[in-house]
Structure formats: C-alpha cells, structure tokens
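J.: Pasting a structure here, questions to come.
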Amino acid sequence: MRLVLMGPPGAGKGTQAARLADRLGVPAVSTGDIFRRNVSEGTELGREAQRYMDAGDYVPDEVTNSMVRARLAEDDASPGFLLDGYPRTVAQVTELDGMLTDLGHELDAVVVLAVDTEELVARLVKRAETEGRSDDTEDVVRRRQEVYGEQTAPLIDVYRDRGLLVEVDGMGDVDVVTKRLGDALADLQG
C-alpha cells in the first residue's frame, strides 16, 4: 500500500506510522525524523531546518521535496510506503503527484488522525518535558497548530474530493488508535 498519514503535530502520527508500516511491510517515511537526524548530525540541511522548527514553522518545500523524492525512489519503497509529515501544503500535494507519476505509482489512501487541539498541546508540552525537546515550548506548539490549520488542514478537502480520505479518531490509548487504523485499512483492502 501507498499511504499518507496526516494529522496535527502531536496526534501520534510517528507512533502509528511505525506500527502501520511494520504491519504492512513498507517503510515509514517521516520528514520529521529526517529533519531531526540532520539537526543532531549538524548538517547544513539540519541547521537550516532547525531555524524553522524552532520558530514552529515548516521547513521550505524545496528542501523537503528533494528529500522525499530521493527517499521514495529507494528500492524498499517500490512496493509501498507510508508518508508521515508529507505533504503539508497544497504545493507539496502537486509535487507528490508528480513524484508518484514519475515512479509509476498512485496513492491508495490518505489517513487523517482526528484529535482535540487542547489535548495535543498538553501531549506535546509533556513530551518536551520527558524528552528534553527544545522545539516543544507551549508557544511553539500552539504556533504549530495554527500553521497546521492554515497550511495542512486544506489538504483534507483535496484528498476527500479525490475519494482517498479515511478519517480515524486519534484520541485515546495508543493501542486503541492502532486498532481503529487497522480496521479502517482492512476496509480499504476489502
């Protein structure tokens, strides 16, 4: 399967992406992980990405698009993949469409984790405390929610109009959400 997993920051996409990718036998492609790896390694891309992430803004499309294009062209992504954190803008949807056309693929579904904003803020602030993440102050977390609402939430309508959208309740225990996702995808595979 070729999937996109969407939802606001803190919705549990990373956790669920890893579980789903394992279940489906496809790689989870997370732009967030790629950015954080580059930041921790001190690469030029990492330093550039860190400035945007610290402000709660998205890393520019040209940087993100290049990384995703290269990753989807790798052999292990040929039979399928799960994109986590991409696309985030309408322009990236168009870019992803082009990548998939070039590779001879198309998306099977776009899964959206629906969650409560205040719950997300609490989750991310708690995660910042336990993991020591400098990019998760409450102000930055709230800014990320605003950016998601402005730039990424419109993608839900784009994919709904294409008949690809699957909405899943992302609130509650991790295992319960995983089961909901599995059930939703089982319905797709019919």
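J.: Of everything in the range 159-175, what is of a type in the set (A, V, I, L, M, F, W, C), open to solvent by 20 Å² or more (accessible area, probe 1.4 Å) and in contact with a strand residue (DSSP E or B) (Cβ under 9 Å, 6 or more places away or on another chain)? Give them in sequence order.
T.: Result: L164, L165, V166, M171.
J.: When you check D75 against the structure, is it free of Cβ contacts under 8 Å to residues at least 24 places away in the same chain and within 25 Å of E167 (Cα to Cα), yes or no?
T.: The answer is no for D75.
J.: Oh, and also: Can we say F35 is surrounded by 17 or more Cβ atoms within 10 Å (Cβ to Cβ), on the phi < 0 side of the Ramachandran plot and in contact with a Pro (Cβ under 7 Å, 6 or more places away or on another chain)?
T.: So F35 fails the test.
J.: Which of the residues spanning the range 7-26 are touching a residue at least 12 places away in the same chain (Cβ under 8 Å) and either part of a helix (DSSP H, G or I) or over 20 Å from D136 (Cβ atoms) (or both)?
T.: K13, G14, T15, Q16, A17, R19, L20, A21, R23, L24, G25, V26
J.: Mind checking which residues of the range 94-120 are assigned to a strand (DSSP E or B) and open to solvent by less than 20 Å² (accessible area, probe 1.4 Å)?
T.: Within the range 94-120, A109, V110, V111, V112, L113 meet the criteria.
The values are calculated or read from the model by the stated rules, or taken from the named source; none is laboratory data. Just so you know, these numbers come straight off a predicted model, no measurement behind them. Heads up, the Cβs are rebuilt from the backbone with ideal geometry, glycines too, and the neighbour counts pull from every protein chain shown. The protein model used for the area step is the full one, side chains on, heavy atoms only, and it has no ligands, DNA or RNA in it. Shrake-Rupley method; radii C 1.70, N 1.55, O 1.52, S 1.80 Å.
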